[in-house]
Amino acid sequence: MTPMINSTSNQRFLLLDDRNVENAHNVALKLGVPTKHHANPLMIEDKPWEKRYDNFYGNVFFDEEELLYKCWYSPFVVAHSAQGMSLSQRKTSPYEGHESQEMGICYASSEDGLRWEKPSLGLIEFEKSFDNNLILRGPHGAGIFKDSREEEKSHLYKSIWQGLNASFSQDGFAWSEPRPISRNKIAGDTHNNALWAPTLEKYVGFTRTWGETDRKLIGPPTKTNHAWGRQVARIESIDFCDWSKSEVVIDCANWEHQPYAMPVFFHANTYIGLLAIHDQISDRVWTELAWSPDTKIWHRINEGVPLINSCPDPLGYDFGCIYACASPIFLKEEIRVYYGGSDWLHTGWRNGCLALATLRPDGFAGYEQINGNELGRIRTKPLNYGGGVIKVSADVSQNGWIKASLKDNSNSVISSAQISKTSTDSNLFDRQVIHEDTVRIEFELNAAKLYSYSLSSG
């Protein structure tokens, strides 16, 4: 299956981005509903050097040149394993801290994104053998991506990890010596990530710092009794070598729910973040959704609500923690959100895995009615019409519908259309009915969920 990224659309407008919405009535933005793949878990700890995945810290993409899914992930290569431990043992055995552990980076590939192979790369020694899929030992929380814009072949693959350090590679296997990139002290003890931000024409990285929260301490501060909380910090660079000082972009005002990591990607002119949240009370981790117009100002969508629900059964493959990989893969028929799952708590003994959840196209979040006895209404911002077909993506329940009115600057109706079934990029208005430079669309929703509209050349 070859990914097709919005191949039918020249311009796409997500309704989760409020820059595309002028006003709304009797509707609320709600998260999409992902489906966990029946083949989960896709990859497990089954090699001697994969002592424990813990947070997995996966980086997955589809290489369109090689027609291959690629994944870089970070197991502990030196650590005690949770394999074979019962639930009672996990609850009562003291958890091993990171001080006595060593993390590595491994590589896996897949032709279909479901059946993964761990090739013997012969690069790194483990227990006197090079017969493994290790590419590095030591780096913690590495974010890796292939930079398709890069002209220098030796810098085609880029990575940042705890430190903060940057490294480069021509093939994703052999990496340059790390170079420090932070201008100030950054913990970076998380899944560090970077991307090219096309609207800024800069590289932007996301990492972790710590700051004070609203927690009121009872008694003296200790390792577990403290008011510190995790924060998401941002850095930027023109060349991936000289980076700015970090700035906090998602704070932790509520001590109980702390931001852990946030892979960020660009889709439909919007920066979307898959924000991991560590619940200090339950000691579980889930992933929420956020969006930004510029990578600096972030808006939370249904804060406190997981995008992917964890398994309710203890020792289920994703019961304890869910960390989204960087980044989703966009197919014509679905969005693939790969994630690292673990079967027990964040600070407990756990086994990890690679898992997959899918969303309908543009299905991260959409508008639905608040009161079912009254129509929901959404009016878009002005759309500069340059020719083409206006389309819509929505879920429509039985007996539901969406009506669309195309209006000019004087608020006169140019044309009307209706859809009565779930659709992806369904034609609303063709170029023959539009003779204005600027138009708006007014939607009426009845038992439906509206995700996006688009302007297509075909």
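The residues D242, D343, when put in order of fewest to most other Cβ atoms within 10 Å, stand as D242, D343. Were the residues from S423 through I44 laid out at 0.36 nm apart, the gain over their Cα-Cα distance would be 132.9 nm. In terms of surrounding Cβ atoms within a 10 Å radius of their Cβ, I250, I277, I402 rank from fewest to most as I250, I277, I402. Here's how it looks for V78: its modeled amide H is under 5 Å from those of E102, which are all 5 or more places away or on a different chain.
The alpha carbon centroids of segment 313-331 and segment 172-187 are separated by 27 Å. I want the local charge near A79. Using Cβ-Cβ distances under 12 Å, sum +1 for each Lys or Arg and -1 for each Asp or Glu among the other residues. Net charge around A79: -3. Computed per residue of the chain from DSSP H runs no shorter than four, each worth -39500 (n - 2.57), the mean residue ellipticity at 222 nm is -500 deg cm²/dmol. When each of R431, R149 is scored by the number of other beta-carbon atoms lying within 10 Å, the sequence from fewest to most is R149, R431. Dimensions of segment 35-359 along the principal axes, based on C-alpha atoms and rounded to the nearest Å, stand at 57, 43, 40, largest first. Distance between the 7 Å Cα→Cβ label points at E151 and E303: 4.4 nm. Work out the charge dipole of the chain with +1 on the Cβ of Lys and Arg and -1 on the Cβ of Asp and Glu about the Cα centre, then indicate which of Y157, W196, F173 is farthest towards its positive end. Among Y157, W196, F173, the one farthest towards the positive end of the dipole of the chain is W196.
Put a dot 7 Å past the Cα of K30, heading toward its Cβ, do the same for K296, and the two dots end up 3.5 nm apart. Evaluating 6.51 cos²θ - 1.76 cosθ + 1.60 at θ = phi - 60° for every residue in segment 365-373, the Karplus couplings come out as 6, x, 8, 9, 5, 8, 9, x, 8 Hz, glycine and proline recorded as x. The dipole here belongs to segment 35-359: it is taken about the Cα centre, uses +1 on the Cβ of Lys and Arg and -1 on the Cβ of Asp and Glu, and is about 820 debye. With contacts taken as Cα pairs under 8 Å and at least 6 residues apart, the chain reaches a relative contact order of 19 percent.
Computed from the coordinates by the stated procedures, all read-outs in this text should not be read as laboratory data. This structure is a prediction, so every number in the text was calculated from the model and none was measured. Cβ coordinates were reconstructed from backbone atoms using ideal geometry, including for glycine residues, and neighbour counts include every protein chain displayed.
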